[in-house]
Amino acid sequence: MKKGFNVTPWEVSGDVNYKKLMKDFGLEGINKDILKKIEKNAGELHFMLKRKVFFAGRDLNWVLDEYEKGNNFFLYTGRGPSGPIHLGHLGVWVFTKWLQDKFGADLWFQWTDDEKFLLGKKDSFEEIEEIMRENMYDVIALGFNPKKTHFLIDTKHAGLIYPEAIKVAKKITYSMVRSSFGMNKSSNVGMIFYTAIQAVPAFLPSVINKKKIPCLIPHAVDQDPHFRLTRDILPKLGYFKPASIQSSFLPPLTGMHGKMSSSQPESNTAILTTDSPAEVERKIKKYAFSGGQKTTEEHRKKGGNPEIDVSYQYLKMFFEPDDAKLKKIHDDYKSGTLLTGELKEILIEKINSFLKEHQRKRELAKKRIDEFLFRIN
Ligand code: TYM
């Protein structure tokens with residue numbers, strides 16, 4: 001437990017201090033040179049990079065150098081199907097799709113049904129399979145290229161994954177797992193083994209193609225402990241260390257602590273991709289933490305604080321890509337010209353128009369899972 005906050009793949013709590021986290025995890029910042037290199041090759045900079053939503057990484061310089069030499073990377077990311085998809089997950093995937101489009105990269109997408117079963121949040125494996133199918137609709141709806149996107153389901157592609165996972169597992173001791181994830185004597189043996197499974201897609205394309213291929217993993221910072229271990233092991237097996245690009249968390253509606261999560265029984269802290277316009281409006285109006293003043297008069301006089309205002313943060317991290325428009329909202333809110341209620345209305349409108357289109361594509365996605373499942377030819 002870090003002082004004041006805790007970040008592991010299975011628990012995020014407290015007021016995350018990203019500077020301290022970078023130090024604790026040993027992450028590299030995304031400096032100007034890296035941004036320039038991305039911009040040069042992509043032709044533009046994604047607003048999530050400009051605004052430091054993606055704020056850290058590992059070996060980004062190296063993976064971009066390899067790209068410039070003509071040795072393109074593949075992308076690897078994933079989802080543990082424990083509940084419905086919320087807006088927080090979408091940020092990582094929207095950015096991953098941008099990388100796929102701009103760099104012409106293949107994407108390997110891991111579905112960790114085993115992890116979520118072992119973690120014990122759901123007792124029924126069948127229920128997890130159902131959630132996974134629903135989650136897949138959301139990923140497909142984002143518009144990934146089916147020819148370049150390969151879904152790997154841990155339990156369905158076990159024949160491919162398991163022989164590689166045991167090679168990783170043999171190089172990981174219990175004490176390494178315990179210090180990375182905080183396991184204890186009552187942790188089940190499946191969870192102790194699990195990190196070896198999440199390591200595999202970082203080198204599986206190299207196994208299949210019989211040559212070393214660079215890998216870039218976009219994820220939020222909670223997944224880093226897995227890939228720190230992966231990076232220690234892969235060179236010992238003759239593969240490259242995977243590079244990563246890492247985002248901060250979209251906060252829960254209720255304030256800038258922890259991360260948006262949909263696993264709680266009452267998902268009032270999260271906006272789900274299946275929420276109706278009325279549901280979005282209700283949640284934002286009732287729960288979105290405000291950085292405004294208590295009364296209109298006071299707000300007009302003193303202004304609001306966008307840094308702690310959840311509605312403003314959602315616009316900044318996801319829903320208002322236009323820098324000039326965002327700046328105006330920021331300045332008007334800070335000066336007191338824009339009221340909390342008006343700021344919330346802007347966000348409600350943005351989320352609902354995004355979700356309208358997403359839900360339409362999500363319906364179409366229901367027939368398309370087969371296009372994305374990896375098959376060995
Ligand atoms: P999972 O299903 O918990 O999360 C999926 C992805 O969403 C990110 N994430 C968030 N990002 C921003 N704001 C939030 N509030 C938020 N909540 C979750 C996660 O970091 C993740 O990128 N074990 C993994 C599945 C996995 C994986 C991977 C993820 C397998 N291989 C490779 C990333 C990369 C999991 O349970 O993710």
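The values are calculated or read from the model by the stated rules, or taken from the named source; none is laboratory data. The shown structure was predicted, so the numbers you read here are calculated from the model rather than taken from an experiment. As a convention, Cβ positions derive from the backbone with ideal geometry for all residues, glycine included, and neighbour counts pool all protein chains shown. In case anyone asks, the SASA skips ligands and DNA or RNA and just uses the protein heavy atoms, side chains included. Shrake-Rupley method; radii C 1.70, N 1.55, O 1.52, S 1.80 Å.
Filtering segment 91-120 to residues that are more than 11 Å from the ligand (Cβ to nearest atom) and among the aromatic types (Phe, Trp, Tyr) leaves TRP98, PHE103, PHE117. Take the conditions (1) in a loop (DSSP other than H, G, I, E, B); (2) among the hydrophobic types (A, V, I, L, M, F, W, C); (3) under 17 Å from the mean Cα position of the chain (by Cα); PHE227 misses just one of them, which is (1). The set of residues in segment 144-173 being touching a helix residue (DSSP H, G or I) at 6+ places or on another chain (Cβ under 7 Å), of a type outside the set (Lys, Arg) and closer than 15 Å to ARG228 by Cα consists of VAL168, ALA169, ILE172.
Of the listed requirements (1) at pLDDT 95 or above; (2) open to solvent by 50 Å² or more (accessible area, probe 1.4 Å); (3) more than 18 Å from ALA220 (Cα to Cα); (4) not basic (Lys, Arg), LEU64 misses just one: (2). Restricting THR296, THR273 to those that are surrounded by fewer than 21 Cβ atoms within 10 Å (Cβ to Cβ) and either at negative phi or free of Cβ contacts under 8 Å to residues at least 60 places away in the same chain (or both) reduces the list to THR296. Checked against the criterion of being aliphatic (A, V, I, L, M), in contact with a Gly (Cβ under 8 Å, 6 or more places away or on another chain), within 30 Å of ARG133 (Cβ to Cβ) and within 15 Å of the ligand (Cβ to nearest atom), segment 46-67 has at least one qualifying residue. Could you tell me whether any residue of segment 236-252 is closer than 23 Å to SER179 by Cα and assigned to a helix (DSSP H, G or I)? Within segment 236-252, one or more residues are closer than 23 Å to SER179 by Cα and assigned to a helix (DSSP H, G or I). Within segment 173-220, the residues that satisfy the criterion of being touching a strand residue (DSSP E or B) at 6+ places or on another chain (Cβ under 7 Å), in a helix (DSSP H, G or I) and surrounded by fewer than 24 Cβ atoms within 10 Å (Cβ to Cβ) are PHE181, PRO205. Filtered by the rule that a residue be outside any helix (DSSP H, G or I), in contact (Cβ under 8 Å) with a residue 12 or more places away in the chain and not small (Gly, Ala, Ser), segment 299-336 gives ASN305, ASP309, GLU320, PRO321. Considering only residues in segment 299-335 that are open to solvent by 60 Å² or more (accessible area, probe 1.4 Å) and among the aliphatic types (A, V, I, L, M), the one that is farthest from LEU90 (Cα to Cα) turns out to be ALA324. PRO84 passes every criterion in (1) within 14 Å of the ligand (Cβ to nearest atom); (2) more than 29 Å from GLU307 (Cα to Cα); (3) of a type outside the set (Val, Ile, Thr); (4) surrounded by fewer than 23 Cβ atoms within 10 Å (Cβ to Cβ) apart from (2).
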